[in-house]
Amino acid sequence: MIEIGPPPEPHWTDKMVEAYLMEAADVMKTLPSVKVQGYFSVWPTVLHDFWDAYGWNETAQQKRWRPTPKQIDQMEYVCQWLRWPSVLESKIIWDRSCEIPWKVIEHKRQASRSTLWRHYGSGINKIVAKLNAHDPEGVVIQSYSPY
């Protein structure tokens with residue numbers, strides 16, 4: 001008699017999907033803002049403070065890294081995952097990926113935390129199931145690996 005063990009562990013888990021979505025949100029935050037082309041200002045920058053005169057700027061001190069082309073490609077691939085759940089679930093998942101607190105999401109969506117958790121978990125599970133069905137070994141995401 002052949003002993004049949006448990007099925008092999010699928011590659012994709014909910015924690016992995018959450019981590020990839022949070023990384024995609026971080027990459028999206030670092031992209032430059034959209035500006036209308038053709039318009040520019042010839043006015044010099046206005047010095048509002050004593051420290052501005054000496055070149056110290058709080059936002060300049062906190063400059064973030066620029067994402068690599070591979071990270072941008074991975075972000076675009078990961079953002080396509082948000083098409084699979086429903087619209088409400090996708091919005092909740094993206095808000096949590098952007099680290100928006102649950103209290104703010106509750107107010108914005110006018111729903112209780114338990115309802116939002118259900119939608120969030122359901123959406124993540126739909127993404128995990130679809131990824132395990134189409135890419136069980138994680139071959140596609142490994143092609144975007146920056147290392």
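Just so you know, all these numbers are worked out from the coordinates, no wet-lab data involved. Not measured: the values here are computed from a predicted model. Note that we place each Cβ from the backbone using ideal geometry, even for glycine, and neighbour counts take in every protein chain shown.
Structure notes:
- Label-point separation in nm, ALA133 to MET22, each point 7 Å along Cα→Cβ: 2.8
- With a Förster radius of 25 Å applied to the beta-carbon distance between TRP65 and CYS98, the computed FRET efficiency rounds to 0.90.
- Theoretical gain in end-to-end length, LYS15 to ARG113 [0.36 nm per residue, Cα-Cα removed]: 33.3 nm
- Förster radius 35 Å - calculated FRET efficiency between VAL36 and SER86, Cβ distance, rounded to 0.05: 0.55
- Peptides 109-115, 91-97, 71-77 ranked from most to least packed, by the mean per-residue count of other Cβ atoms within 10 Å: 91-97, 71-77, 109-115.
- Virtual spin-label span in nm between ASP73 and SER143, 7 Å along Cα→Cβ: 0.8
- The order of the peptides 29-39, 13-23 by mean Cβ neighbours within 10 Å, most packed first, is 13-23, 29-39.
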